[in-house]
Amino acid sequence: AAKVAGRGRAVVFDPAMRTAAVERRRLEQELTGALARDEFRLVYQPVVDLADDRVVGFEALLRWRSPELGAVPPDVFVPVAEDLGLIGDIGAWVLREACRTAAAWRREHGVAADATMAVNVSAVQLASPQLLEDVRAALAASGLPASALVLEVTETALVDDPERAAASLTALRALGVQLALDDFGTGYSSLGYLQEFTVDVLKIDRSFVATIPADGELPPIVRGLIDLARALDLEVVAEGVETPAQRARLQAGRCARAQGYLFAAPLEATDAELLLVGQRPGAAVEQSR
Ligand code: C2E
Ligand code: MG
Ligand code: MG
Ligand code: MG
């Protein structure tokens, strides 16, 4: 793999590295103006309650379509945005947009739209005091109740500077928002972190869900993660559920909530809203008339 030093300069020049450096430079150039050019949008993936298939929440996922580069996935551009110092502004936009959308659904549909909205927060955002202000501003501008907002952080974001992260999470919780530990089990933290950082939700990474066999028991690690969450009185969400067998095993293992292509891919806002409204009591009756 090509090694690229800071500022995107290649360390040693061989053709492959040169190509990687040129591509990175191009990505940086396009990303720099993307927010101002309105090239971002959010899609929303439902979180369902396995007991009754009800949509109990959504996760906002960032999408970037560059006129020059096409669709670039967040796994690729978020780290670049962090390096360039752009993630603060982009993250603030994500918070505003997600809160605005969730609040609009609530205004439009009342209790039927009583679902949480989760927003991913990167390590760089968590390290900045600006995050607290951005969350506060997004809630105030939208009128969304703080308890309806879930901030998803990864273990990795906590490891760099645990004291600062703890202070940051405490301040966020004081606002009334919920916190979720994303991709749980894949980071480099220890279980001690669960004691140090108060969170509300534990999201089991899809790499673990993928190990659930078509027939037979839950793998011990998945079993353990669910039991751990229950013992700590945390909400547990299984990520990346793709098959009915995975769903059945998780449900039998008393995992309450899940997310994944089996239920729905990330949806455009209008489709997410339709899904939410479709479950309104009486909606099916109205439709059949
Ligand atoms: P994540 O927060 O763990 O999000 C879950 C990812 O899994 C999403 O990829 C989602 O589309 C994908 N996914 C959902 N269900 C399934 C499934 O059944 N099978 C498989 N194979 N994949 C599934 P996506 O949207 O490409 O996002 C990737 C990562 O980028 C996210 O991981 C998150 O860490 C980051 N990200 C996305 N949006 C934002 C954002 O607004 N801000 C920040 N800081 N990071 C974001
Ligand atoms: Mg997430
Ligand atoms: Mg995840
Ligand atoms: Mg992830």
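Points to keep in mind about this one:
- Every test in (1) modelled with pLDDT of 95 or more; (2) in contact with a strand residue (DSSP E or B) (Cβ under 8 Å, 6 or more places away or on another chain) is passed by Glu133 save one, and that test is (2).
- Residue in the stretch 171-192 that is surrounded by the fewest Cβ atoms within 10 Å (Cβ to Cβ), counting only those that are under 24 Å from Met117 (Cβ atoms) and over 16 Å from the mean Cα position of the chain (by Cα): Ala174
- Lone qualifier among Leu262, Leu267, Leu250 - being in contact with a strand residue (DSSP E or B) (Cβ under 6 Å, 6 or more places away or on another chain), more than 16 Å from ligand 2 (Cβ to nearest atom) and under 18 Å from Val55 (Cβ atoms): Leu250
- Some residue of the stretch 171-186 being within 16 Å of ligand 4 (Cβ to nearest atom), part of a loop (DSSP other than H, G, I, E, B) and at pLDDT below 90: yes
- Checking the stated criteria, Phe208 turns out not to satisfy the condition of being within 16 Å of ligand 4 (Cβ to nearest atom), under 19 Å from Glu59 (Cα atoms), buried (at least 19 other Cβ atoms within 10 Å of the Cβ) and among the aromatic types (Phe, Trp, Tyr).
- Filtering the stretch 75-87 to residues that are surrounded by 17 or more Cβ atoms within 10 Å (Cβ to Cβ) and in contact (Cβ under 8 Å) with a residue 40 or more places away in the chain leaves Phe77, Val78, Val80, Ala81, Glu82, Leu86.
- Annotation: of all residues in the stretch 106-133 being within 20 Å of the chain's Cα centre (by Cα), in a helix (DSSP H, G or I) and hydrophobic (A, V, I, L, M, F, W, C), the one that is nearest to Ala148 (Cα to Cα) is Ala113.
- Residue count for the stretch 109-130 under the criterion of being at pLDDT 95 or above and under 19 Å from Leu274 (Cβ atoms): the result is 3.
- Put simply, of Leu69, Leu42, Leu95 the only residue that is more than 19 Å from Asn120 (Cα to Cα) and in contact with a helix residue (DSSP H, G or I) (Cβ under 6 Å, 6 or more places away or on another chain) is Leu69.
- Residues of the stretch 213-231 satisfying the condition of being over 14 Å from Gly185 (Cβ atoms) and touching a strand residue (DSSP E or B) at 6+ places or on another chain (Cβ under 9 Å): Arg230
- Evaluated against (1) modelled with pLDDT under 95; (2) under 28 Å from Val119 (Cβ atoms); (3) surrounded by fewer than 20 Cβ atoms within 10 Å (Cβ to Cβ), Ser288 falls short on exactly one condition, (2).
- Residue that is out of contact with any helix residue (DSSP H, G or I) (no Cβ under 8 Å at 6 or more places or on another chain) and among the hydroxyl-bearing types (Ser, Thr, Tyr), where the choices are Ser128, Ser147, Ser168, Ser122: Ser147
- Selection count, the stretch 240-259, where residues are surrounded by fewer than 22 Cβ atoms within 10 Å (Cβ to Cβ) and part of a loop (DSSP other than H, G, I, E, B): 6
- Thr186 free of Cβ contacts under 8 Å to residues at least 40 places away in the same chain, among the polar types (S, T, N, Q) and within 13 Å of ligand 2 (Cβ to nearest atom): yes
- The residue list Arg7, Arg65, Arg37, Arg26 contains one member that is modelled with pLDDT under 95 and either of a type in the set (Lys, Arg) or crowded, with 20+ Cβ neighbours inside 10 Å (or both), which is Arg7.
- Of residues in the stretch 152-170 being of a type in the set (S, T, N, Q) and within 16 Å of ligand 4 (Cβ to nearest atom), the one surrounded by the most Cβ atoms within 10 Å (Cβ to Cβ): Thr154
- Within the span defined as the stretch 260-278, every residue fails to be assigned to a loop (DSSP other than H, G, I, E, B), among the polar types (S, T, N, Q) and either modelled with pLDDT of 95 or more or more than 16 Å from ligand 4 (Cβ to nearest atom) (or both).
The values are calculated or read from the model by the stated rules, or taken from the named source; none is laboratory data. These numbers were taken from a predicted model, which means no experiment stands behind them. Heads up, the Cβs are rebuilt from the backbone with ideal geometry, glycines too, and the neighbour counts pull from every protein chain shown.
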